[in-house]
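The values are calculated or read from the model by the stated rules, or taken from the named source; none is laboratory data. Since we're looking at a predicted model, the values are computed, not measured. Counting neighbours? That spans all protein chains shown, and the Cβs are built from the backbone with ideal geometry, glycine included.
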Amino acid sequence: MSAQHGTKAVIAALLANTGIAVTKFIAWAFSGSASMLAEGVHSVADAGNQALLLYGGKAAKRAADEEHPFGYGRERYLWAFVVAIVLFSVGGLFSINEGISKLQHPHELDILWLPVVVLVIAIVLESFSLRTAIKEANAVRGDADWVSFVRRAKSPELPVVLLEDIAALLGLVFALIGVSLTIFTGDPIWDAIGTLAIGTLLIVVALILGIETKSLLIGEGANREDVVKIRDAINANQTVESLIYMKTLYLGPDELMVAAKVAFAKRERMSEVADAINGVEAMVREAVPAARVIFIEPDVYRSTQTLPPTDAIVIKGND
């Protein structure tokens, strides 16, 4: 996934949420709506999250050094996980607490029309942000459905922005329903219920983000399609007798490490083995450009060879 697509969506969401947060707090200050306060905090959390994603993208570009020889690509995963924590605590738990407080101490709304107007405007602005995220995601997700895209994407920015924008739109709808019912019935309990619904929604989205980014932090390998491309590229080299086994690991969203034990025909000169390995590496990089770090261990294939039990991918020959 291109980092450029993710950055554009993050910036669009940051600008939208900053403006929306200001209008929500103004509406809360004049109306006293708990739903508006929860939504204001939600937008602040979202804007802060997008700032964290932008920082993570910048930090990930640092060059490799002695302490981090494989670079800082996983910074983007780290800050995406922090986003989930912020969304859970600042957004979800705050909204739940505010909703419970308003249930215990109901507050009549003032200037009834103001929250409705602000929420409608916010829905329109948030829709533009979501549209940008969808457009950017469509440019990179290919034939994958949306659930698969969110679960399998190696770049965290677009899935995070997509989920945040969807949660923001649903939260705005919950707030609008709560405020509207309070206006029509005169009972402020509906405003509190809307606030609780917003908090519950944010906690659910935060848990989904946390689970997905945790998997990336632990370390994910290449998807099956890229595994097949790498396997076929190795076995297509004329100097290769067979691929004995291999492992892959994403060092960052745009950098894949490939480690493989490859059986070459017997050679007498080390230079011939080195040339064969270089040829294999070139073919792998051509097949999967993200495969930037490649380790090839030459070997002689034996049918009785015992493979390490922890290897997730064991492929022999061209089968």
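Every condition in (1) over 23 Å from SER35 (Cβ atoms); (2) free of Cβ contacts under 8 Å to residues at least 60 places away in the same chain holds for ALA137 except the one numbered (2). Is it true that some residue in region 187-209 is loosely packed, with under 15 Cβ neighbours inside 10 Å and in contact with a strand residue (DSSP E or B) (Cβ under 9 Å, 6 or more places away or on another chain)? No, there is no match, as no residue in region 187-209 is loosely packed, with under 15 Cβ neighbours inside 10 Å and in contact with a strand residue (DSSP E or B) (Cβ under 9 Å, 6 or more places away or on another chain).
Can you report the number of residues in region 55-103 which are touching a His at 6+ places or on another chain (Cβ under 7 Å) and at positive phi? So the count comes out to 0. Looking at LEU125, LEU119, LEU130, just one residue is touching a residue at least 40 places away in the same chain (Cβ under 8 Å) and in contact with a Leu (Cβ under 9 Å, 6 or more places away or on another chain), and that residue is LEU119. Just for region 267-293: of the residues that are in a helix (DSSP H, G or I) and among the small types (Gly, Ala, Ser), which one is farthest from GLU255 (Cα to Cα)? Looking at residues that are in a helix (DSSP H, G or I) and among the small types (Gly, Ala, Ser), I get SER271.
Residue count for region 17-34 satisfying the condition of being of a type outside the set (A, V, I, L, M, F, W, C) and within 9 Å of LEU114 (Cβ to Cβ): 2. In region 256-305, of all residues being in contact with a Phe, Trp or Tyr (Cβ under 8 Å, 6 or more places away or on another chain) and charged (D, E, K, R), the one that is modelled with the lowest pLDDT corresponds to ASP299.
Does region 217-228 include one or more residues that are buried (at least 22 other Cβ atoms within 10 Å of the Cβ), within 28 Å of SER129 (Cα to Cα) and touching a helix residue (DSSP H, G or I) at 6+ places or on another chain (Cβ under 6 Å)? No.
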